[in-house]
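Worksheet: one structure, shown below.
The values are calculated or read from the model by the stated rules, or taken from the named source; none is laboratory data. What you see is a predicted model, and the numbers here were worked out from it, not measured in a lab. When we count neighbours, we look across all protein chains shown, and the Cβ atoms used for this are built from the backbone with ideal geometry, even at glycine. Calculation scope for accessible area: heavy atoms of the full protein, side chains included, ligands and nucleic acids excluded. Shrake-Rupley method; radii C 1.70, N 1.55, O 1.52, S 1.80 Å.
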Amino acid sequence: MSLEVRAVDEAEFTGWMEAVATGFTRPPGTLTKEELEFRRGGVDFARLQGGFDDGQCVATFRSFAQELTVVGGARVPADAVSQVTVSPTHRRRGLLSRMLERDLAAARERGEAVATLIAAEYPIYGRYGFGPATHFTEWRIDVARAQLGPGRPGAESGGRVEFVSPAEVRALGPALHDRFRAQQHGAVSRDARWWQLATGEVQWPALEWKDPFHAVYRSASGEVDGLVTYTCDDRWEQKQPEQTAYVRKLIAVSPEAERALWHFLCSIDWVWHVRTGERPPDDTLPLLLGDPRAANIEEHADYLWIRPLDVPRLLAARTYAVPGSLVLEVADAAGYAAGRYHLDAGPAGATCTSTTRSADLTLDVRDLASLYLGDESATRLAALGRIQEDRAGALATADVLLRAARRPWCPDMF
(Lines give C-alpha, C1' and ligand atoms only; values in the text may rest on other atoms or scores of the structure.)
Protein backbone atom coordinates (compact mmCIF):
# COMPACT_ATOMS: atom_id res chain seq x y z
CA MET A 1 0.00 0.00 0.00
CA SER A 2 1.08 3.59 -0.59
CA LEU A 3 1.87 5.82 2.34
CA GLU A 4 -1.20 7.64 3.64
CA VAL A 5 -1.32 10.96 5.49
CA ARG A 6 -4.56 11.65 7.32
CA ALA A 7 -6.25 12.70 10.53
CA VAL A 8 -5.87 10.42 13.55
CA ASP A 9 -8.96 9.30 15.46
CA GLU A 10 -9.15 8.58 19.17
CA ALA A 11 -8.95 4.82 18.70
CA GLU A 12 -5.56 5.26 16.99
CA PHE A 13 -4.08 7.56 19.61
CA THR A 14 -2.04 4.90 21.45
CA GLY A 15 -0.39 3.82 18.20
CA TRP A 16 0.24 7.46 17.34
CA MET A 17 1.93 8.06 20.71
CA GLU A 18 4.04 4.93 20.25
CA ALA A 19 5.21 6.40 16.94
CA VAL A 20 6.04 9.68 18.73
CA ALA A 21 8.12 7.71 21.24
CA THR A 22 9.94 5.91 18.43
CA GLY A 23 10.64 9.15 16.59
CA PHE A 24 12.05 10.73 19.74
CA THR A 25 14.15 7.60 20.45
CA ARG A 26 12.38 6.74 23.68
CA PRO A 27 12.89 3.09 24.67
CA PRO A 28 9.99 0.80 23.73
CA GLY A 29 7.48 0.10 26.48
CA THR A 30 8.02 3.32 28.45
CA LEU A 31 4.61 4.86 27.70
CA THR A 32 2.38 4.55 30.74
CA LYS A 33 -1.40 4.56 30.93
CA GLU A 34 -1.22 7.77 32.98
CA GLU A 35 0.87 9.56 30.34
CA LEU A 36 -1.39 8.42 27.52
CA GLU A 37 -4.52 9.63 29.28
CA PHE A 38 -3.01 12.99 30.20
CA ARG A 39 -1.77 13.61 26.68
CA ARG A 40 -5.07 12.46 25.18
CA GLY A 41 -6.87 15.10 27.24
CA GLY A 42 -4.80 17.88 25.66
CA VAL A 43 -5.17 16.86 22.03
CA ASP A 44 -7.39 18.53 19.47
CA PHE A 45 -8.04 15.54 17.22
CA ALA A 46 -9.06 17.85 14.39
CA ARG A 47 -5.40 18.99 14.33
CA LEU A 48 -3.75 15.58 14.85
CA GLN A 49 -2.15 13.93 11.82
CA GLY A 50 -0.32 10.72 11.14
CA GLY A 51 1.51 9.04 8.32
CA PHE A 52 0.44 5.41 7.91
CA ASP A 53 2.01 2.47 6.12
CA ASP A 54 -0.41 -0.43 5.79
CA GLY A 55 -2.29 0.77 8.87
CA GLN A 56 0.79 1.34 11.07
CA CYS A 57 1.54 4.89 12.22
CA VAL A 58 5.05 5.82 11.06
CA ALA A 59 4.92 9.64 11.24
CA THR A 60 3.27 12.08 13.63
CA PHE A 61 2.24 15.73 13.65
CA ARG A 62 0.23 17.79 16.14
CA SER A 63 -0.73 21.44 16.24
CA PHE A 64 -2.70 23.49 18.72
CA ALA A 65 -3.98 27.02 19.23
CA GLN A 66 -1.50 29.43 20.75
CA GLU A 67 -0.98 33.17 21.24
CA LEU A 68 2.31 34.84 20.34
CA THR A 69 3.24 38.21 21.85
CA VAL A 70 4.69 40.60 19.26
CA VAL A 71 6.66 43.82 19.62
CA GLY A 72 4.51 46.25 21.59
CA GLY A 73 2.57 43.61 23.50
CA ALA A 74 -0.21 42.63 21.10
CA ARG A 75 -1.03 38.94 20.87
CA VAL A 76 -1.62 37.25 17.54
CA PRO A 77 -3.24 33.82 17.03
CA ALA A 78 -0.66 31.18 16.18
CA ASP A 79 -0.63 27.61 14.93
CA ALA A 80 1.79 25.89 17.31
CA VAL A 81 3.45 22.83 15.78
CA SER A 82 4.68 20.03 18.03
CA GLN A 83 5.44 16.29 18.26
CA VAL A 84 6.64 16.09 14.68
CA THR A 85 8.34 12.77 13.95
CA VAL A 86 9.06 10.42 11.09
CA SER A 87 10.15 6.88 11.96
CA PRO A 88 13.71 6.03 10.87
CA THR A 89 12.32 3.39 8.49
CA HIS A 90 10.28 5.95 6.56
CA ARG A 91 12.50 9.01 6.16
CA ARG A 92 12.93 10.81 2.82
CA ARG A 93 9.48 9.79 1.57
CA GLY A 94 7.70 13.14 1.81
CA LEU A 95 5.70 12.48 4.95
CA LEU A 96 6.75 15.65 6.79
CA SER A 97 6.06 17.80 3.73
CA ARG A 98 2.57 16.37 3.33
CA MET A 99 1.65 16.78 7.00
CA LEU A 100 3.02 20.30 7.21
CA GLU A 101 1.30 21.39 4.01
CA ARG A 102 -2.04 20.13 5.33
CA ASP A 103 -1.56 21.87 8.67
CA LEU A 104 -0.49 25.24 7.26
CA ALA A 105 -3.41 25.28 4.84
CA ALA A 106 -5.81 24.59 7.70
CA ALA A 107 -4.14 27.23 9.90
CA ARG A 108 -4.51 29.86 7.17
CA GLU A 109 -8.15 28.90 6.76
CA ARG A 110 -8.72 29.25 10.52
CA GLY A 111 -7.29 32.76 10.42
CA GLU A 112 -4.09 32.07 12.36
CA ALA A 113 -1.55 34.71 11.40
CA VAL A 114 1.61 32.71 12.04
CA ALA A 115 2.86 29.19 12.74
CA THR A 116 5.37 28.51 15.52
CA LEU A 117 7.65 25.66 16.52
CA ILE A 118 10.83 24.80 18.40
CA ALA A 119 13.20 23.29 15.84
CA ALA A 120 15.15 20.29 17.12
CA GLU A 121 17.28 20.34 13.95
CA TYR A 122 18.22 23.57 12.19
CA PRO A 123 18.20 22.55 8.48
CA ILE A 124 14.68 21.14 8.29
CA TYR A 125 12.16 23.95 8.54
CA GLY A 126 13.61 26.77 6.46
CA ARG A 127 12.42 25.11 3.29
CA TYR A 128 8.85 25.35 4.62
CA GLY A 129 9.05 29.09 5.24
CA PHE A 130 10.05 29.04 8.93
CA GLY A 131 12.88 31.19 10.23
CA PRO A 132 14.53 31.51 13.66
CA ALA A 133 12.86 34.43 15.43
CA THR A 134 14.30 34.21 18.94
CA HIS A 135 17.50 32.99 20.57
CA PHE A 136 18.54 32.12 24.09
CA THR A 137 21.70 32.23 26.17
CA GLU A 138 22.47 30.19 29.27
CA TRP A 139 25.01 31.44 31.81
CA ARG A 140 26.89 29.73 34.61
CA ILE A 141 27.40 32.11 37.53
CA ASP A 142 30.37 31.75 39.83
CA VAL A 143 28.68 32.84 43.06
CA ALA A 144 31.94 33.67 44.88
CA ARG A 145 32.77 36.24 42.19
CA ALA A 146 29.26 37.62 41.74
CA GLN A 147 29.64 40.29 44.45
CA LEU A 148 25.93 40.90 44.95
CA GLY A 149 26.40 42.02 48.54
CA PRO A 150 25.20 40.64 51.85
CA GLY A 151 21.83 42.42 52.03
CA ARG A 152 18.47 40.65 52.05
CA PRO A 153 17.25 40.09 48.46
CA GLY A 154 14.60 42.65 47.58
CA ALA A 155 15.08 44.75 50.69
CA GLU A 156 16.20 47.86 48.80
CA SER A 157 12.84 48.02 47.00
CA GLY A 158 10.75 47.12 50.03
CA GLY A 159 9.95 43.67 48.67
CA ARG A 160 10.71 40.17 49.82
CA VAL A 161 11.40 36.67 48.47
CA GLU A 162 9.50 33.75 49.92
CA PHE A 163 9.04 30.06 49.17
CA VAL A 164 5.67 28.86 47.88
CA SER A 165 4.15 25.44 47.40
CA PRO A 166 3.38 23.83 44.02
CA ALA A 167 -0.33 24.43 44.67
CA GLU A 168 0.38 28.12 45.25
CA VAL A 169 2.37 28.25 42.00
CA ARG A 170 -0.61 26.83 40.12
CA ALA A 171 -2.81 29.48 41.72
CA LEU A 172 -0.48 32.47 41.35
CA GLY A 173 1.50 31.57 38.24
CA PRO A 174 -1.03 32.02 35.41
CA ALA A 175 -1.86 35.63 36.29
CA LEU A 176 1.82 36.48 36.69
CA HIS A 177 2.63 34.86 33.36
CA ASP A 178 -0.12 36.84 31.64
CA ARG A 179 1.44 40.04 32.96
CA PHE A 180 4.88 38.84 31.88
CA ARG A 181 3.93 37.93 28.33
CA ALA A 182 2.12 41.24 27.87
CA GLN A 183 5.54 42.92 28.01
CA GLN A 184 7.81 40.25 26.50
CA HIS A 185 7.65 39.87 22.73
CA GLY A 186 8.39 36.32 21.67
CA ALA A 187 6.57 34.83 24.66
CA VAL A 188 3.75 32.35 24.07
CA SER A 189 0.64 31.38 26.00
CA ARG A 190 0.54 28.63 28.64
CA ASP A 191 -2.51 26.53 29.53
CA ALA A 192 -3.44 24.87 32.83
CA ARG A 193 -1.77 21.65 31.75
CA TRP A 194 1.56 23.48 31.45
CA TRP A 195 1.35 24.43 35.11
CA GLN A 196 0.41 20.89 36.13
CA LEU A 197 3.56 19.52 34.48
CA ALA A 198 5.79 22.35 35.71
CA THR A 199 4.79 21.77 39.33
CA GLY A 200 4.78 17.97 39.34
CA GLU A 201 1.05 17.59 39.81
CA VAL A 202 1.24 15.33 36.76
CA GLN A 203 4.32 13.20 36.20
CA TRP A 204 5.47 9.92 34.76
CA PRO A 205 8.81 8.06 34.58
CA ALA A 206 9.95 9.49 31.25
CA LEU A 207 9.95 13.03 32.72
CA GLU A 208 12.70 12.07 35.21
CA TRP A 209 10.99 14.37 37.68
CA LYS A 210 12.85 15.96 40.57
CA ASP A 211 10.84 18.10 42.96
CA PRO A 212 11.99 21.71 42.58
CA PHE A 213 11.95 24.70 44.88
CA HIS A 214 9.54 27.52 44.03
CA ALA A 215 10.05 31.09 45.25
CA VAL A 216 8.23 34.31 44.49
CA TYR A 217 9.12 37.97 44.82
CA ARG A 218 6.45 40.11 46.47
CA SER A 219 6.63 43.86 45.98
CA ALA A 220 6.21 46.32 48.83
CA SER A 221 2.46 46.20 48.17
CA GLY A 222 2.43 42.40 48.46
CA GLU A 223 1.83 41.70 44.78
CA VAL A 224 3.65 38.76 43.20
CA ASP A 225 5.97 40.27 40.57
CA GLY A 226 8.36 37.37 40.00
CA LEU A 227 8.63 33.59 40.19
CA VAL A 228 11.59 31.23 40.06
CA THR A 229 11.64 27.44 39.97
CA TYR A 230 14.96 25.68 40.54
CA THR A 231 16.65 22.49 41.71
CA CYS A 232 20.01 21.83 43.38
CA ASP A 233 22.43 18.97 43.00
CA ASP A 234 24.19 17.34 45.98
CA ARG A 235 27.89 17.66 45.26
CA TRP A 236 30.56 17.71 47.98
CA GLU A 237 34.34 17.96 47.66
CA GLN A 238 36.59 17.21 50.66
CA LYS A 239 33.70 17.73 53.09
CA GLN A 240 32.83 21.05 51.45
CA PRO A 241 29.51 21.62 49.65
CA GLU A 242 29.92 22.63 46.01
CA GLN A 243 26.35 22.63 44.82
CA THR A 244 24.90 24.08 41.64
CA ALA A 245 21.42 25.57 41.48
CA TYR A 246 19.69 24.87 38.16
CA VAL A 247 17.02 27.40 37.19
CA ARG A 248 14.11 25.83 35.38
CA LYS A 249 12.10 29.02 34.89
CA LEU A 250 12.42 32.59 36.09
CA ILE A 251 9.95 35.26 35.02
CA ALA A 252 9.52 38.76 36.41
CA VAL A 253 7.46 41.81 35.54
CA SER A 254 9.71 44.43 37.14
CA PRO A 255 13.46 45.05 37.29
CA GLU A 256 13.24 44.95 41.09
CA ALA A 257 11.72 41.48 41.04
CA GLU A 258 14.33 40.18 38.61
CA ARG A 259 17.24 41.60 40.63
CA ALA A 260 15.85 40.20 43.87
CA LEU A 261 15.40 36.68 42.48
CA TRP A 262 18.92 36.51 41.04
CA HIS A 263 20.30 37.90 44.30
CA PHE A 264 18.34 35.22 46.15
CA LEU A 265 19.71 32.41 43.97
CA CYS A 266 23.28 33.66 44.44
CA SER A 267 22.92 33.82 48.22
CA ILE A 268 21.73 30.26 48.92
CA ASP A 269 23.99 28.48 51.38
CA TRP A 270 26.07 25.67 49.84
CA VAL A 271 25.42 26.92 46.27
CA TRP A 272 28.67 27.77 44.52
CA HIS A 273 27.30 28.04 40.98
CA VAL A 274 23.99 28.96 39.37
CA ARG A 275 22.99 27.69 35.94
CA THR A 276 20.52 30.24 34.65
CA GLY A 277 18.56 28.14 32.20
CA GLU A 278 17.59 29.58 28.83
CA ARG A 279 17.54 33.37 29.09
CA PRO A 280 17.20 36.20 26.54
CA PRO A 281 20.58 36.88 24.91
CA ASP A 282 20.51 40.52 26.05
CA ASP A 283 19.48 39.65 29.61
CA THR A 284 20.60 42.23 32.15
CA LEU A 285 21.77 39.42 34.46
CA PRO A 286 25.55 39.75 33.94
CA LEU A 287 25.36 43.49 34.59
CA LEU A 288 23.48 42.91 37.84
CA LEU A 289 26.61 41.25 39.23
CA GLY A 290 29.39 43.20 40.88
CA ASP A 291 31.70 41.31 38.54
CA PRO A 292 29.92 40.59 35.23
CA ARG A 293 32.69 38.14 34.32
CA ALA A 294 31.30 35.84 37.00
CA ALA A 295 28.63 34.89 34.44
CA ASN A 296 30.09 32.68 31.73
CA ILE A 297 28.12 31.62 28.67
CA GLU A 298 27.42 27.88 28.62
CA GLU A 299 25.15 27.75 25.58
CA HIS A 300 23.72 30.06 22.94
CA ALA A 301 21.31 28.93 20.21
CA ASP A 302 18.23 29.69 18.17
CA TYR A 303 14.94 28.78 19.82
CA LEU A 304 11.47 29.83 18.61
CA TRP A 305 10.92 29.61 14.84
CA ILE A 306 7.96 31.29 13.18
CA ARG A 307 6.31 31.05 9.78
CA PRO A 308 4.24 34.08 8.60
CA LEU A 309 0.86 33.16 7.15
CA ASP A 310 -0.86 36.57 7.04
CA VAL A 311 1.72 39.28 6.37
CA PRO A 312 -0.57 42.36 6.54
CA ARG A 313 -2.06 41.24 9.85
CA LEU A 314 1.34 40.49 11.38
CA LEU A 315 3.02 43.72 10.33
CA ALA A 316 0.03 45.81 11.43
CA ALA A 317 -0.12 44.08 14.82
CA ARG A 318 3.31 45.10 16.13
CA THR A 319 4.54 48.55 17.09
CA TYR A 320 7.33 50.67 15.60
CA ALA A 321 9.44 53.18 17.51
CA VAL A 322 9.80 55.65 14.63
CA PRO A 323 7.74 56.58 11.57
CA GLY A 324 8.66 54.98 8.29
CA SER A 325 7.43 53.28 5.17
CA LEU A 326 8.54 50.15 3.30
CA VAL A 327 7.33 48.14 0.34
CA LEU A 328 8.25 44.49 0.76
CA GLU A 329 8.20 41.90 -2.02
CA VAL A 330 7.79 38.58 -0.19
CA ALA A 331 8.50 35.29 -1.94
CA ASP A 332 6.75 32.20 -0.61
CA ALA A 333 6.82 28.94 -2.55
CA ALA A 334 3.72 27.72 -0.70
CA GLY A 335 1.87 30.94 -1.51
CA TYR A 336 0.50 31.88 1.91
CA ALA A 337 2.63 34.97 2.43
CA ALA A 338 3.58 35.75 -1.17
CA GLY A 339 2.89 39.24 -2.40
CA ARG A 340 3.95 42.87 -2.36
CA TYR A 341 3.04 44.78 0.79
CA HIS A 342 3.15 48.44 1.76
CA LEU A 343 3.95 48.99 5.43
CA ASP A 344 3.24 52.48 6.75
CA ALA A 345 4.29 52.53 10.39
CA GLY A 346 4.91 54.80 13.34
CA PRO A 347 4.50 55.12 17.10
CA ALA A 348 0.76 55.74 16.68
CA GLY A 349 0.18 52.48 14.82
CA ALA A 350 0.72 50.79 11.49
CA THR A 351 -1.11 49.71 8.38
CA CYS A 352 -0.03 47.06 5.91
CA THR A 353 -1.79 46.45 2.61
CA SER A 354 -1.18 44.77 -0.72
CA THR A 355 0.24 47.19 -3.27
CA THR A 356 1.43 47.56 -6.83
CA ARG A 357 4.13 50.07 -5.90
CA SER A 358 7.75 49.25 -6.72
CA ALA A 359 9.42 47.10 -4.08
CA ASP A 360 11.97 48.56 -1.67
CA LEU A 361 13.19 45.15 -0.51
CA THR A 362 12.76 41.63 -1.87
CA LEU A 363 13.05 38.73 0.53
CA ASP A 364 11.89 35.19 1.23
CA VAL A 365 9.21 34.49 3.83
CA ARG A 366 11.72 32.69 6.06
CA ASP A 367 13.82 35.87 6.25
CA LEU A 368 10.75 37.95 7.03
CA ALA A 369 10.20 35.48 9.89
CA SER A 370 13.64 36.23 11.32
CA LEU A 371 13.09 39.99 11.02
CA TYR A 372 9.56 40.14 12.38
CA LEU A 373 10.19 40.07 16.15
CA GLY A 374 13.19 42.35 15.85
CA ASP A 375 15.94 39.79 16.47
CA GLU A 376 17.69 40.09 13.10
CA SER A 377 19.10 42.84 10.92
CA ALA A 378 18.05 43.32 7.31
CA THR A 379 21.56 44.61 6.59
CA ARG A 380 23.10 41.39 7.91
CA LEU A 381 20.78 39.24 5.82
CA ALA A 382 21.54 41.34 2.73
CA ALA A 383 25.25 40.75 3.29
CA LEU A 384 24.46 37.03 3.10
CA GLY A 385 22.64 37.50 -0.18
CA ARG A 386 19.26 36.69 1.35
CA ILE A 387 17.64 40.14 0.97
CA GLN A 388 17.76 42.30 -2.15
CA GLU A 389 17.73 46.07 -1.73
CA ASP A 390 15.65 47.50 -4.58
CA ARG A 391 15.71 51.12 -3.35
CA ALA A 392 18.83 52.73 -1.95
CA GLY A 393 18.51 53.25 1.79
CA ALA A 394 15.74 50.69 2.24
CA LEU A 395 17.93 48.36 4.32
CA ALA A 396 18.69 51.14 6.79
CA THR A 397 15.00 52.00 6.96
CA ALA A 398 14.11 48.36 7.63
CA ASP A 399 16.66 48.10 10.44
CA VAL A 400 15.37 51.23 12.14
CA LEU A 401 11.74 50.20 11.76
CA LEU A 402 11.86 46.49 12.56
CA ARG A 403 14.46 46.25 15.32
CA ALA A 404 13.26 46.57 18.92
CA ALA A 405 14.90 48.05 22.01
CA ARG A 406 15.18 44.58 23.56
CA ARG A 407 15.60 41.22 21.90
CA PRO A 408 12.64 38.82 21.79
CA TRP A 409 12.56 35.83 24.11
CA CYS A 410 10.49 32.69 24.31
CA PRO A 411 11.07 30.88 27.62
CA ASP A 412 8.89 27.85 26.83
CA MET A 413 9.35 24.55 25.05
CA PHE A 414 6.25 23.10 23.41
Inset, instruction - Could you tell me whether segment 107-130 includes any residue that is out of contact with any Phe, Trp or Tyr (no Cβ under 8 Å at 6 or more places or on another chain) and over 25 Å from PRO308 (Cβ atoms)? - result: no
Legend entry - Which numbered condition THR116 fails, given (1) of a type in the set (S, T, N, Q); (2) closer than 30 Å to GLU242 by Cα; (3) in contact (Cβ under 8 Å) with a residue 24 or more places away in the chain: (2)
Legend entry - Matching residues in segment 244-279 - criterion: being open to solvent by less than 20 Å² (accessible area, probe 1.4 Å) and not hydrophobic (A, V, I, L, M, F, W, C): THR244, THR276, GLY277, ARG279
Inset, instruction - Can you work out which of the residues in segment 385-407 that are among the acidic types (Asp, Glu) and either open to solvent by 40 Å² or more (accessible area, probe 1.4 Å) or modelled with pLDDT under 95 (or both) is nearest to the chain's Cα centre (by Cα)? - result: GLU389
Legend entry - Count of segment 352-380 residues which are open to solvent by less than 70 Å² (accessible area, probe 1.4 Å), among the small types (Gly, Ala, Ser) and not in a helix (DSSP H, G or I): 3
Inset, instruction - Just one of (1) outside any strand (DSSP E or B); (2) within 22 Å of PHE180 (Cβ to Cβ); (3) open to solvent by less than 20 Å² (accessible area, probe 1.4 Å); (4) not charged (D, E, K, R) trips up TYR320, so point out which. - result: (2)
Legend entry - Those residues of segment 141-186 which are assigned to a loop (DSSP other than H, G, I, E, B) and either within 17 Å of CYS410 (Cα to Cα) or in contact with a Phe, Trp or Tyr (Cβ under 7 Å, 6 or more places away or on another chain) (or both), in sequence order: PRO153, GLY154, GLY159, GLN184, HIS185, GLY186
Inset, instruction - Select, from GLY393, GLY374, the only residue that is in contact with a Lys or Arg (Cβ under 9 Å, 6 or more places away or on another chain) and over 18 Å from PRO312 (Cβ atoms). - result: GLY374
Inset, instruction - Would you check if GLU35 is out of contact with any helix residue (DSSP H, G or I) (no Cβ under 8 Å at 6 or more places or on another chain), among the charged types (D, E, K, R) and surrounded by 15 or more Cβ atoms within 10 Å (Cβ to Cβ)? - result: no
Legend entry - Residue among ASP291, ASP282, ASP302 that is closer than 23 Å to TRP139 by Cβ, more than 26 Å from the chain's Cα centre (by Cα) and open to solvent by 10 Å² or more (accessible area, probe 1.4 Å): ASP291
Legend entry - Residue in segment 122-140 that is farthest from LEU104 (Cα to Cα), counting only those that are of a type in the set (Val, Ile, Thr) and open to solvent by less than 20 Å² (accessible area, probe 1.4 Å): THR137
